[in-house]
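Written below as structure tokens is the structure these notes are about.
The values are calculated or read from the model by the stated rules, or taken from the named source; none is laboratory data. Everything quoted here is computed from the prediction, not taken from an experiment. Cβ placement follows ideal geometry from the backbone for every residue including glycine, while neighbour counts extend to all protein chains displayed.
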Amino acid sequence: MPRTRLLDRLDRPAALTAIVGLPGTGKTALVDEWARRRAAAGATVTWLDDDLLGGLVAAAGARPGMAGEAVLVVDRGNDLGNDLVDGLVEPDAVAAALARVPQVRLVVCARRPLPLVAAAYRAGLAVTQLTGPELLATPDELAAAWGGRGLAAVHDHTRGWLLPARLMIDAPTAEDGRRAAAEYVRAVALDGLSDVLRAAALRLALADPITSVHLRAAGVSDDLADELRAVAGDGCQSAAVELRPTQPGGAGLRAAAAPAATDPRAAAAEPRGAAADDGGWSMPPVLRDALRAELVATEPEQPAAWHRRYARALLDAGAAGPAVRHARAAEDWPLLAQAWNAAGLSLLTERDDDLAAGFAGLPASVLRGRPDLRLPAAAARILTSYPPGVRTLQALVSAFRADGEQVLRAEEATPGRPSDRQLQLLSIAIVADRMDGRYERAVAGAARLDRELTGRDGDVWPMHRAWALHQSAQALLLSGNGPRAVGAGTQAYAAAHDRAAHPVTAHIAADLALLHAATGATVDARYWLDVYERHAAPARWLEYLVRLPAHLAAAFVAADRLDGETAGAHLERAEDDTGQAELWPFIVAARTQYALSFGDPLLALADADRYAARNPQQPGGLAARIVDRCRAELLLALGELNRVDTLLRAAGPEAAWTRVPLARFHLLRGEPAQAEHVAESAAWEPDTTPRDRIDLLLIKAAAAEALDAGETADRSFARAAALADRAGVLRPYTLLPAEVRDVLARRSGVALDPAVLAARPAYPARAELVTLTERQQAVLQALTRHEDAESISYALVMAPSLVEEQLRSLYAALGASGRDAALLRARRLGLLPR
């Protein structure tokens, strides 16, 4: 097998090279190949079977100016190698002898760490070490030696341990290969471990990954852990596991693997031991499986006992995910319920793979006896069977209503301080209330949860309070209370921002970006989008829900800058195949803005109707207001003033969302006085958004220009231009007729961006409101049921000649040439129901 990376390591100049690893990792073959290369280059290579000190003394007696390199090799299988490992040969004496012969290189292969390495460092010698994890073959090395067929599974199981890998490859079936590899490991590798190392390995084989919590719970010292890791580690770092100290000296660092130091100064600078760096590491699965089988065979009661012990230690350290796996392996149902009650929300949001491993497929008898396990069992089933995103969240809420709400109400009826389980269930209830549209109840629940969490010791999820504040901000946003939502969101970020990368912090920033972008506060929106990028982190099944507000905010900002390509890309990523995301009104709003400047208003109108049909809306609620506003703007772009008139009349004059559409309606209809009046009275209302304020000022300017009030027009246009420049937006200029806009810009001294001049107008310069007389309306209604004038005459008790006259005038008013075209046009105008 080509192992160039290791041969290159051996080529580095060093007085001592120590190669330590389990049998079957290819130590001897590696050194043999390297030694042959050195001999071909002119070095003298000697394999020593005895008298290492004598060999070094003989080398020291050679004449100082001798040419060429001398290499002494001690193999692990020789008695001499055993003496070195066991300390029978004095390490300091060997190191001193080696220091006197700088032309000599000593290479030692061993199964356990060598005392000679420390002695060499003390003697000031250069040392190269290759440990067990480094000796494991890479997938590419396996493929180069044996081809690519089936090697991924072989490497996953052996991690590149050569002899077990070869046994698996040569076996007729995969099952035979795993059996042969396991038999080799149990017969050869385990027997090569010392009793103390073997006992530690048996206990730690139940953990994957192995963290400092496992080491302390198993009573494994740092030195012993380092020795085991050097010979039996697989070199794989685990994903970071957050550990929360519960008392002085408790676990508190991320799991991380540290490379072995090869320089004495580096070794002195680094903290010693597995506990010092809190390294999360694993054994090769083939070794782990062999150790577990050995433990079950010799002490069948011990695996459950150790799993239980690990679960409790991990819960105390705040590592609920690994604790759940151990509690499930121990089949300790009360302990499994304790883990859920202590950390259910963090398991759902951050450790869903652990939740599924711990709670999926629980026996029916267990669920009957433990009602508090039904909700996590349902959550595990949902997380493993539903597509991530909206559908998963909806299913989890339904599961809470079925299996958690009754438990929560019973807990709330119990006097005293809320239990951990009550706080976890309350957290889920807030989401359920918000998704059901009970926003006030969700805000009240989030405020209560925030009060309970403030100053509370022992909460295993550091982000819990920030999460609670964020739920309040989301409920306020969806209820239409933007200012309070911004305040709650800012509080949530203040509680969470010390976490450099976390999905909760990223979600908070994304929501704040959307809140500002949707109102036209683009400077603030861009700031929060930058914050979102700094905190973005993988969010697993929540990924779409976390990134959705960020994509919508970015789409709003890009559209305001007339960057249609970027806006379209973000809208595509925000696509929701269910049409039922909580933020669906903002999807409709962003699509509307895009359609007015770059897309097709008619298709956007159909999208808005589709979203509205899929989602119930409270009359006058935020969703209904956004949809009606979007419909009005799209219909104005299509010149359908009749349908706009119907929408505005239905909303009434008190609806704040009608201000801009109403002013534009009058402007397009050729009623500048009414347009100016509406725009002037609404532009500076306290609840007018920055985007609407710019639009209203521009409408006022266009209306004043139509009224020949040039000074008023210029002043209003200049104010709008100043606000647009401050916000960094261009799109508002495209909402006016190009001829009027260009005249106003020229007179006001405003230099329009080339993107504005190249953009298409969002609205027509003029549109007609079709009005029908009472008789025309009656004839139109009759036309939907009858096909000819004679039938209409009979139905309306009207003279045929009069019917013919009314039909001609009706067709003229609608701009149609016949019955079918007239009906189609009437329906598009809103004069008939669709």
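A few points about this structure:
- Top-ranked residue of the stretch 350-389 - restricted to ones that are of a type in the set (Val, Ile, Thr) and out of contact with any Ser or Thr (no Cβ under 9 Å at 6 or more places or on another chain), ranked as modelled with the highest pLDDT: VAL366
- The lone exception for ALA323 - which of (1) in contact (Cβ under 8 Å) with a residue 40 or more places away in the chain; (2) touching a Leu at 6+ places or on another chain (Cβ under 8 Å); (3) part of a helix (DSSP H, G or I) it fails: (1)
- Scanning the stretch 509-523 finds no residues that are charged (D, E, K, R), in contact (Cβ under 8 Å) with a residue 60 or more places away in the chain and not assigned by TED's automatic domain parsing to the domain that holds LEU757.
- All helices (runs of 4 or more DSSP H) inside the stretch 571-682 with 2 or more residues being closer than 29 Å to VAL756 by Cα and of a type in the set (Gly, Ala, Ser): 584-597, 601-614, 622-637, 672-682
Residue-by-condition table, conditions (1) under 18 Å from TRP584 (Cα atoms); (2) buried (at least 21 other Cβ atoms within 10 Å of the Cβ):
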| site | (1), (2) |
| --- | --- |
| LEU622 | yes, no |
| ILE626 | yes, yes |
| ARG631 | yes, yes |
| THR646 | no, no |
| GLY652 | no, no |
| PRO661 | no, yes |
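- Only one of the listed residues (LEU355, LEU362, LEU314) is closer than 30 Å to GLU575 by Cβ and hydrophobic (A, V, I, L, M, F, W, C). That residue is LEU355.
Residue-wise test of (1) surrounded by fewer than 23 Cβ atoms within 10 Å (Cβ to Cβ); (2) over 24 Å from ARG540 (Cα atoms); (3) among the acidic types (Asp, Glu); (4) touching a residue at least 24 places away in the same chain (Cβ under 8 Å).
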{"position": "THR414", "(1), (2), (3), (4)": "yes, yes, no, no"}
{"position": "ASP420", "(1), (2), (3), (4)": "yes, yes, yes, yes"}
{"position": "GLN424", "(1), (2), (3), (4)": "no, no, no, yes"}
{"position": "ARG434", "(1), (2), (3), (4)": "no, no, no, yes"}
{"position": "TYR439", "(1), (2), (3), (4)": "yes, yes, no, yes"}
{"position": "GLU452", "(1), (2), (3), (4)": "yes, yes, yes, yes"}
{"position": "ALA468", "(1), (2), (3), (4)": "no, no, no, yes"}
{"position": "LEU476", "(1), (2), (3), (4)": "no, yes, no, yes"}
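- Taken across the stretch 508-519, residues that are over 15 Å from ALA555 (Cα atoms), crowded, with 19+ Cβ neighbours inside 10 Å and of a type outside the set (D, E, K, R) do occur, with at least one present.
- Selection status of ASP530, more than 23 Å from the chain's Cα centre (by Cα), surrounded by fewer than 21 Cβ atoms within 10 Å (Cβ to Cβ) and outside the structural domain of PRO737 (by TED's automatic domain parsing): no
- Any hit, the stretch 569-590, residues being surrounded by fewer than 21 Cβ atoms within 10 Å (Cβ to Cβ), over 22 Å from the mean Cα position of the chain (by Cα) and more than 20 Å from GLN617 (Cβ to Cβ): no
- Looking across ARG63, ARG105, ARG37, one residue alone is modelled with pLDDT of 85 or more, of a type in the set (D, E, K, R) and not in a helix (DSSP H, G or I). It is ARG105.
- In summary, no helices (runs of 4 or more DSSP H) completely within the stretch 768-820 bear 2 or more residues that are in contact with a Phe, Trp or Tyr (Cβ under 6 Å, 6 or more places away or on another chain).
- Criterion violated by GLY321 - all others in (1) surrounded by fewer than 22 Cβ atoms within 10 Å (Cβ to Cβ); (2) modelled with pLDDT under 95 satisfied: (1)
- Total residues in the stretch 183-229 satisfying the condition of being part of a helix (DSSP H, G or I), farther than 14 Å from HIS307 by Cα and not basic (Lys, Arg): the figure is 23.
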